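The values are calculated or read from the model by the stated rules, or taken from the named source; none is laboratory data. These numbers come from a predicted model, not from an experiment. We place every Cβ from the backbone using ideal geometry, glycine too, and count neighbours over all the protein chains shown. Heads up: the accessible areas ignore ligands, DNA and RNA and are worked out on the full protein's heavy atoms, side chains in. Shrake-Rupley method; radii C 1.70, N 1.55, O 1.52, S 1.80 Å.
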Amino acid sequence: SAQLLNVIYEATGMTPGAPLSSSAVENARIALLRMYRDQGYIYCRVFTEIRKNPKTAQYDVRFQFEESVQVRIGEVLVRGNRHTRENFIRDRISLQTGDIYQLDTALRDQRQIANLGVFSSVQLRLLDEDNPAEQKDLVAEVKEQDRHRLQVGGGLSTEDGPRLRFAYSHLNLFGVGASMTASIKLNRQIFFDLYGELGQNIKDRYDSYDATEQLMKAIERELRLSFRSPRFTQW
């Protein structure tokens, strides 16, 4: 009881003799639930009652508890991965068999899996969570993104003229969250007047090209290749 009272005092400052606040009572109830949840009592329920003391002008605040069972982790399961290696996901789950289930830790592990950038959805949850039991299996359910992406874009700029860009991305290479992107940009300068005398020289050079040289020299090309991996750095 002393521990529970300390939680109430620290969370709300609500002490005997202080002004009564319904919001402070609710905040205290939430703080108590969080304390129990962090210790694995995820089925604990806390009830509050505010009752006027007939002998004084004060109100008594009562907290009643249904602690239920403390939950520990049974098996740790991974579901939904088709191309991703299972160990690659498991390495991001710190909760292990026999550990006390802590919701905050589960949410942190869920974020670590989601931050890999290869899943469209991630959920780390207890199986059959609605029914209280001292041991629950923990499952990581993932949904993988489409591994192949193709982007085509075009535009017009005063510096490059008309331009066309193609980009291809391959996500989750080798099932370890790596990704590769290759892109090529083609453009043809046409706004020579913007460069003054230099622009006229460029135009004269372009006009001197024959049909084959127009494709090989007059069209500028830029090729980029990038690789990213959560295990290494980015190149």
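Structure notes:
- Any hit, region 88-99, residues being open to solvent by less than 80 Å² (accessible area, probe 1.4 Å) and of a type in the set (Lys, Arg): yes
- For GLU75, the conditions (1) assigned to a strand (DSSP E or B); (2) among the charged types (D, E, K, R); (3) more than 19 Å from LEU127 (Cα to Cα) all hold with the exception of (3).
- Scanning region 179-215 for residues that are over 18 Å from PRO162 (Cβ atoms) and either part of a loop (DSSP other than H, G, I, E, B) or in contact with a strand residue (DSSP E or B) (Cβ under 8 Å, 6 or more places away or on another chain) (or both) returns SER179, MET180, THR181, ALA182, GLY196, SER208, ASP210.
- Set side by side, the residues ASP137, ASP160, ASP128 differ, and just one is over 21 Å from the mean Cα position of the chain (by Cα) and at positive phi, which is ASP128.
- Any hit, region 49-65, residues being of a type in the set (D, E, K, R), in a strand (DSSP E or B) and open to solvent by less than 70 Å² (accessible area, probe 1.4 Å): yes
- Residues satisfying the stated conditions in region 132-178, i.e. of a type in the set (Val, Ile, Thr) and either open to solvent by 20 Å² or more (accessible area, probe 1.4 Å) or modelled with pLDDT under 95 (or both): VAL152, THR158, VAL176
- So THR181, is it of a type outside the set (Asp, Glu), farther than 30 Å from GLY74 by Cβ, modelled with pLDDT under 90 and out of contact with any Cys (no Cβ under 6 Å at 6 or more places or on another chain): no
- Among the residues of region 104-131, those identified as farther than 16 Å from GLU75 by Cβ and either loosely packed, with under 14 Cβ neighbours inside 10 Å or among the hydroxyl-bearing types (Ser, Thr, Tyr) (or both) are ASP104, THR105, LEU107, ARG111, ASN115, GLY117, SER120, SER121, ASP130, ASN131.
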